[in-house]
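Here the structure is laid out as structure tokens; the discussion comes afterwards.
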Amino acid sequence: MRQTPSTTDVTLADLAERLNGRLEGDADRVVRGVAPVETADRDELSFLANEKYHRHAAKTSAAVLLVGEDFDAPVADGTALIRCEDPYFAFREAMVAFYGFRRPRFAGIDARAAVSDEADVGDDVACGPFVTVEPGATIGPGCILYPGVYVGADCRIGRDCTLHANVVLYERTVLGDRVTVHAGSSVGQDGFGYATHGDADGTVRHEKIPQTGWVELEDDVEIGAGCAIDRATMGPTVIGAGTKFSNLVTIGHGTKLGRHCLLVAQAGLAGSVQVGDYCVFAGQCGVVGHIRIGDGARIGAQAGVTNDVPAGQEMLASPAIPLANARRSMVAFARLPELRRQVKRLTDEVSELKSRLDAGGGGS
């Protein structure tokens, strides 16, 4: 299936100017869309931001490739180049120019939405069918609430936010400006807090602790589909400005993420974790509660973090250890069958030597 058609035709000269790049090719040639380098047609643009894909440049049919300043691979005849300082960001800018962002096919407040008269709804807010907005909620101008969204009592939502289908904001959740929450995510549900207590008759019960806090998503946060962010027992759970989640990410109660962090699918952080700015959590990694992770730390896929992580540290494995040590351990682990055979052979040789010494009277 082809990329959604663009309604924009752009000459390579105009495109290079818009992307702040340097054109090598026919300035008057027209481009009508963006496509992968392997499948791009003669009127489409593609990009090469990763060196392992440079081999495709010689065979592509693309009209133009966005490449780095130092790109030097062979290029197919008739394919122009736009050299950019950051070709991946230039690709992003081209996508925005050609396609923009999805917009809902509805406007205003749908008659089937249940918006409380005691809610404060700003200008140009769009609410689809079966949206529910409870009393005391505030929704800023330009927000879009897709069908099935639930906004609890006393929530505060900034301007130009987008809540996709079936998103749930529990009471007193706070969203900054330009926040996006994708379908099926839940923000502000009770944290996992229980006191285990034994009764006089010997029965042990897990007694629920009231979760009286809330969740704050700061400006420009984007939450993927199917994520869950717990409210704190007391005070806020905080997701810092500019932080982005993939799908199926879970955040425990009272955790505070810094600015511009990235969390990949199925990452999970337990409660009361303090995370710095610009941290990265790869897919399926897990973090225990009540620890600190410094600015710029990077946690690898499936890593299990059990202790504080210094700023800038890269961690891998479970339990997580510094990346260099993890790599050496993985090399050693791959050699375990060979090492086991060597140990067995040496053990047999030592046993044989001992037997000879004992038989020859050399053991005394």
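What follows draws every value from the coordinates through simple rules; no lab data is involved. Quick caveat: nothing in here was measured; it's all calculated off a predicted structure. Note that we place each Cβ from the backbone using ideal geometry, even for glycine, and neighbour counts take in every protein chain shown.
Can you spot the lysines whose alpha carbon is less than 22 Å from K244's alpha carbon? Ignore those fewer than 8 places along the same chain. Reachable lysines: K256. Here the 3J(HN,Hα) profile of segment 166-179, calculated from phi with Karplus coefficients 6.51, -1.76 and 1.60 at θ = phi - 60°, is 6, 6, 10, 10, 5, 4, 6, 5, 10, 10, x, 8, 6, 8 Hz, Gly and Pro shown as x. Phi-derived couplings, Karplus 6.51 cos²θ - 1.76 cosθ + 1.60 at θ = phi - 60°, listed residue by residue for segment 117-132: 5, 8, 8, 9, 10, x, 5, 6, 7, 10, 10, x, x, 6, 6, 10 Hz, with x used for Gly and Pro. One decimal place: the segment S318-D41 gains 95.2 nm when fully extended, by the rule 0.36 nm per residue minus the C-alpha distance.
Straightening the chain between R55 and L262 buys 71.6 nm, computed as 0.36 nm per residue apart minus the Cα-Cα spacing. Relative contact order, percent, of the chain when contacts are C-alpha pairs under 8 Å separated by at least 6 residues? Rounded, it is 6 percent for the chain.
For the chain, what class follows from the C-alpha gyration tensor (a ≥ b ≥ c being the square roots of its eigenvalues): rounded when a/c is under 1.5, otherwise prolate if a/b is larger than b/c, else oblate? Cα axes put the chain in the oblate bin.
For the peptides 181-192, 45-56, what is the packing order when you average, over each peptide's residues, the other Cβ atoms within 10 Å and list the highest mean first?
181-192, 45-56
Sequence-ordered 3J(HN,Hα) estimates for segment 11-17 from the Karplus curve with 6.51, -1.76 and 1.60 and θ = phi - 60° stand at 6, 5, 5, 5, 5, 4, 5 Hz, glycine and proline given as x. Taking label positions 7 Å along the Cα-Cβ direction at both N247 and R205, the computed distance is 4.0 nm, reported to one decimal.
What is segment 10-99 by shape, rounded, prolate or oblate, if you read a ≥ b ≥ c off the alpha carbon gyration tensor as root eigenvalues and call it rounded for a/c under 1.5, prolate for a/b larger than b/c, and oblate otherwise? Rounded shape, in that the Cα axes give a/c under 1.5. Put the Cα centre of segment 250-315 next to the Cα centre of segment 161-200 and the gap is 19 Å. Could I have the simple spin-label model distance between V96 and E69, label points 7 Å from Cα toward Cβ, reported in nm to one decimal? Between V96 and E69, the label points sit 2.2 nm apart.
Just to be sure I understand: of the beta bridges DSSP finds with both ends in the chain, what percent are antiparallel, rounded to 5? Percentage antiparallel, nearest 5: 15.
How much length is gained if the chain between Q302 and D77 is pulled fully straight, taking 0.36 nm per residue apart and subtracting their Cα-Cα distance, in nm to one decimal?
Full extension of this stretch gives 76.6 nm more.
Here segment 11-111 carries DSSP beta bridges of which approximately 30% are antiparallel, counting only pairs with both residues inside.
Only Lys, Arg, Asp and Glu carry charge here, each on its Cβ (+1 for the first two, -1 for the last two); on that basis the chain has a dipole of about 1500 debye about its Cα centre.
Per residue of the chain, the DSSP helices (runs of n ≥ 4 H) give a summed -39500 (n - 2.57) that works out to -5000 deg cm²/dmol at 222 nm.
What is the magnitude of the charge dipole of segment 10-99 about its Cα centre, with +1 placed on the Cβ of each Lys and Arg, -1 on the Cβ of each Asp and Glu, and no other charges, expressed in debye to the nearest 20?
220
Classification of segment 123-190 by its C-alpha gyration tensor yields a rounded form. The axis ratio a/c (a ≥ b ≥ c) stays under 1.5. The label-point distance for F333 and Y194, in a model that sets each label 7 Å from Cα toward Cβ, rounds to 3.1 nm.
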